[in-house]
Amino acid sequence: MGILFIFIYLFIVFTVIEINTSIFVATGLERKIARFQVISMLTGTGFTTGESELIIDHPVRRRLGAFLILFGAFSLAVIISAISNLLTDNFYTMEIAYIAVGLLVLLLTLRAPAVQHLMGGKMKSELKENYELADLPISDVLLMDEEDEVREIVISKDSFFADKTFEEIVEKEDDIILLFIKRGEINIRNKAYETKIEPGDKLIVYGNNPQIEEKFKNA
């Protein structure tokens, strides 16, 4: 019964991982990134990548992350305790099995496309209602369309855009906005459109991704 208990509890841990992955996906995160970050938080490995900022900078994901860290610590204690008591009969195997079945049903429900769509809308609605604009991740503030993107364009040494201003590069009808020019340690925002672009500059632009790709393909 002890070994069965351990397997059932590991199944619960796996199900919790998948449930939280589905919730993270509903907040707009890619599934492969979501699963990796969920496992990282659950196991307490402290694995740090640039992707972890997608969790920290998002208020809903941050709360889920706190739950995963606590659940991971609790689960480790449960599994260690179960292994140390393998020779006893003091396991609530049936009770824990009911929990496992309940979590499986919850997981299957959350993975349904209709539920994912509903949760995605609910998450965005909650963010708009309960958080200040400055607290929200850039994806929820600026990326309103599937083709919207914030891009960093690096100007090469022999770039066609060198010694030109942004006004000379982009037409008025283009769906591309210059947020600022990063020149070394300096960020140029005031009169950025009128500033002559230099090799090595990084243009932080926002707009329609296909148009940005086409306009700056030879940057």
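The values are calculated or read from the model by the stated rules, or taken from the named source; none is laboratory data. Fair warning: this is a prediction, and the values are worked out from it, not measured in the lab. Glycine also receives a Cβ, built like all others from the backbone with ideal geometry; neighbour counts cover every protein chain displayed. Heavy atoms of the whole protein, side chains included, go into the accessibility calculation; ligands, DNA and RNA do not. Shrake-Rupley method; radii C 1.70, N 1.55, O 1.52, S 1.80 Å.
With all protein chains present and a 1.4 Å probe, how do Glu51, Glu146, Glu18 order by accessible area, largest first?
Glu146, Glu51, Glu18
Holding the Cα-Cα limit at 23 Å, pick out from Lys196/Lys217; Lys172/Lys202; Lys32/Lys182 the pairs that are longer than that.
Lys32/Lys182
Could you check the spin-label model distance between Glu95 and Thr165? Points 7 Å from the Cα along Cα→Cβ, value in nm.
Calculated label separation equals 7.4 nm.
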